Amino acid sequence: MVQKIDYLQYLKKIQPLSIPFKGREEIIRTMRFVLRKPSMPNVLLLADAGSGKTTLVQHVATIDTERDYYELDIAGVISEYSMSKMIAHLKSMSSSGGREIVVFIDEFHRIADIDATSSEEMLQLLAQNGIFFKISFITATTSKWFYEKLQNNEPLVQRFTKIQLPELSDIETIEVLKSRVKQYERDYDVSIDEQLLKEIVANTSRYMPADAQPRKSIGMLDSLVGYYREFHEPISHKTLAKMFKDSIGVNIDFKINIEKTFDNIKSRVFGQDNALEAVKDWLYIAAAGLNDLHRPIASFLFVGPTGVGKTEFAKAIAEGMYGSEREMIRFDMSEYPLGDVNASNRFREKLSREVSAKPFSVLLLDELEKSDKAVVNLLLQVLDDARLSDEYGRTISFNNVIVIMTTNTGTEVFREIAKTVDAIDYDSTTDRAKKKKLRDISMRINGSLIANPIFETAVLGRVNSIVPFMPLKRGVLVDIIKNQLSVISDLVKRNTGKKLYIDHRFYVYFIVDVASRDTESGGVRDVLRIVNADMTAFIAQNIINFQNDLPNNFEIELGGSVRFMNDSSNEDKSEFLIKEVYSENEIRIASRNVEQSIKATLGMSIKIDIEEFLSDVSAYIRKEDVANLEELIVSLLLSDVENGIVKQKYKLAIAYDKRSDEVALENSLQIDDIEELIEKDLITWGRSDSKIVLESE
């Protein structure tokens, strides 16, 4: 038996609004007189989803007491019923002698999917209503669907008066929320402060740009009320912050500390002060909220050789601007290569999906020059108006994204620039001088990029700044290695409780003896890879195999025949050695014991300053070198004691012939930045000539 389908299940009478309606007065006036037209009294509302179309129609139905309003489920009619039968029913209802009727059809663009016969019948009804039939129509769709499915159907469109329904302003949205709050206070005995309503609107407008007002604010308000009804916690800013964190993963209380961001960048990325200066102004603008609201927060093109810190720089920006480096989305643009006909579609799908999941993020597009031109054209759309449509037609907002593109194009130009342009001296250079130097660098880089079809004027003209990353000097590489070895030492302490010291000679060893000499091409990845492969592996093996035998305080020493310290050999015969060293606590105890011993035997109070000594002790003092540190300190004091000239204050220190070290190293390394290494106090070989001394003050 075939079940009979009643058309009334697709045609529901619109019930009056139960809450007061605010705003839209002019639009309501227009709708009401259009519905009174003698012929074709039909309205077509163009509005974004969530902008309040249905509520508006409900309000019109509430204040219009002379007619009956119905909502037609057009999707259900098309898929499960018959549009032709529904049109017949509507004609019958309107000619029955009863009240006039108004039919509301949302998602009206679906009318384009009906069969030819039903389409012709619908056109006839729209042309004759008001004359032969007491029926009017209010239809609604989005601008996107109108232009895609309805615009070219002139016979259909001409039967409507189009009305653009703009998104509610923040002030109008607050009034909408006030109306709802009155009902909620009555129904649920809940109290909501007006200031909180302003916070709801301000934060939904900022953090949910893809959705329309007032729906997104109403949704957030309803979530707060639901939370109150379930857990009986007062609705407050704290509750609102929790709702945002739980629903879209945004911390609305996060405040950008721009100076901390710059400090973080400088602590993570070495030797790229020019790059920091190039992004500095734009990050200030973003932190102050003065950026163009119709474009991404900022957009940069990072230009420079491989392995000089571009990716690390992007991570540091993500941490400073969004609270975590996990808020960075990275694309390898070589996965969308030139000639791949499907590259732009794949890129669009993945990009829209990733940014939809992380709307507040740094978008890193690595090696842009390797991507197809169609992919770059999509990026131009993003840079222009901060929007991109996904494969389902949904608009994804990039308003809260920082876009960073990178390229290795123009490496030769960078080598030339590096020979003639120094990094900006932040301590002595004026702001105007910094900007002039950056402009000079950018002009030279721009000239090399413009020759590449990917980086035509259309791309270069849309980024806020071209950010130069210079080749790294050996002195900078030393800083990077020192930082990496410090990280390893911290991990050993955390995992084993043992204190690890690193022989300072490793800083130069990994650069000169092991890694590539071509530091102008970058070299950071090579150096860090070797540090991890050699040093980290050596430490790990000893922890796993000999953990019980490892001293609580030990040093990894560079032993054997090291090439950079041996002019007569090009062969590296170095070896890693483990040496036990004194702990700081042992040295402090030894110094205090000596102070007490002197007081007990001579009746004199002395003070031994050991702080400077402690900072250098790991590089010089080992238990195998000195049988008893306390005895050594006493022996150093013995001469003064015997001569009766004991001073009140002494300083324990290390003496070594630094000058001979400098000469030896300069002869063996023959590198430009020898002075920089010396200034960093990294030239500390010549241990056999070093000795502990006690200096009086």
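Bear in mind these aren't lab numbers, they're just calculated from the coordinates by the rules spelled out. Source: prediction; values computed, not measured. Ideal geometry is used to build each Cβ from the backbone, glycine not excepted, and the neighbour counts take in all protein chains shown.
Identify, among 58, 84, 114, the residue whose Cα sits farthest towards the positive end of the charge dipole of segment 7-164, taking +1 on the Cβ of Lys and Arg and -1 on the Cβ of Asp and Glu, with the dipole about the Cα centre.
Most positive-ward Cα: 58.
Going down the list 134/216; 573/651; 22/149; 242/310; 13/144, which pairs span over 30 Å between their C-alpha atoms?
Details: 134/216 37 Å; 573/651 38 Å; 22/149 32 Å; 242/310 34 Å; 13/144 28 Å.
Long pairs (Cα-Cα over 30 Å): 134/216; 573/651; 22/149; 242/310.
I want the local charge near residue 71. Using Cβ-Cβ distances under 15 Å, sum +1 for each Lys or Arg and -1 for each Asp or Glu among the other residues. Display every interim value, and only then the final one.
Working: positive: 12, 13, 53, 67, 110; negative: 64, 68, 73, 106, 107.
Spelling it out: positives minus negatives among the neighbours equals 0.
For segment 170-248, just say rounded, prolate or oblate: build the C-alpha gyration tensor, square-root its eigenvalues into a ≥ b ≥ c, call rounded for a/c under 1.5, and beyond that prolate if a/b exceeds b/c, oblate if not.
On the way: a/c = 1.88, a/b = 1.23, b/c = 1.53.
Oblate, since a/c reaches 1.5 and b/c is not below a/b.
Report relative contact order for segment 326-410 in percent, whole number only (criteria: Cα-Cα under 8 Å, sequence separation at least 6).
Working: 137 pairs, mean separation 31.2, N = 85.
The value is 37 percent.
Where in segment 338-364 does the label zone of residue 525 land, with the point 7 angstrom along Cα→C-beta and an amide N cut-off under 20 Å?
Under 20 Å, as judged by backbone N against the label point of residue 525, lie 338, 363-364 of segment 338-364.
In whole angstrom, note down how far apart the Cα centers of segment 148-216 and segment 27-84 are.
Their Cα centres are 18 Å away from one another.
For every other residue with a beta carbon closer than 14 angstrom to the beta carbon of residue 348, add +1 if it is Lys or Arg and -1 if Asp or Glu, then tell me the sum.
Working: positive: 346, 350, 353, 387, 394; negative: 335, 340, 349, 354, 372, 390, 391.
Neighbour charge sum, excluding residue 348 itself: -2.
When a footprinting reagent is the concern and you count Cβ atoms within 10 Å, what order do 302, 554 take, fewest first? Intermediate results must be reported in sequence, preceding the final value.
Values: 302 29, 554 20.
Fewest-to-most ranking of 302, 554: 554, 302.
Counting pairwise Cα distances across segment 87-176, what percent come out greater than 15 angstrom? If you can, show how the numbers build up before the last one.
Details: 2613 of 4005 pairs.
Percent of Cα pairs beyond 15 Å in segment 87-176: 65.
Label-point separation (nm) for residue 194 and residue 588, each offset 7 Å from Cα along Cα-to-Cβ?
According to this spin-label approximation, the distance is 6.0 nm.
Picking from 196, 241, 171, whose Cα lies most toward the positive end of the charge dipole for segment 170-248 (charges on Cβ: Lys, Arg +1; Asp, Glu -1)?
Comparing the listed Cα positions along the dipole, 241 ranks first.
Full-extension gain between residue 696 and residue 54, please, as 0.36 nm times their residue separation minus the C-alpha to C-alpha distance.
Working: separation 642, 0.36 × 642 = 231.12 nm, distance 8.84 nm.
Taking 0.36 nm per residue and subtracting the Cα distance, the gain is 222.3 nm.
Which order results if 117, 173, 54 are arranged by neighbouring Cβ count within 10 Å, fewest first?
Ranked by crowding around the Cβ, least crowded first: 117, 54, 173.
Can you sort 317, 171 so the residue with the fewest Cβ neighbours within 10 Å comes first? Before the final figure, lay out each step's value.
Values: 317 26, 171 10.
Listing 317, 171 from fewest to most nearby Cβ atoms yields 171, 317.
Could you compute the net charge surrounding residue 210? Neighbours are other residues with a C-beta less than 10 Å from the C-beta of residue 210; K and R count +1, D and E count -1.
Numbers: positive: 216, 387, 394; negative: 48, 211.
The answer is +1.
Quick check for me: using +1 on Lys/Arg Cβ and -1 on Asp/Glu Cβ, what's the dipole size of segment 170-248 about its Cα centre, in debye to the nearest 20?
Working: 12 positive and 14 negative charges, 34 e Å.
The dipole magnitude comes to about 160 debye.
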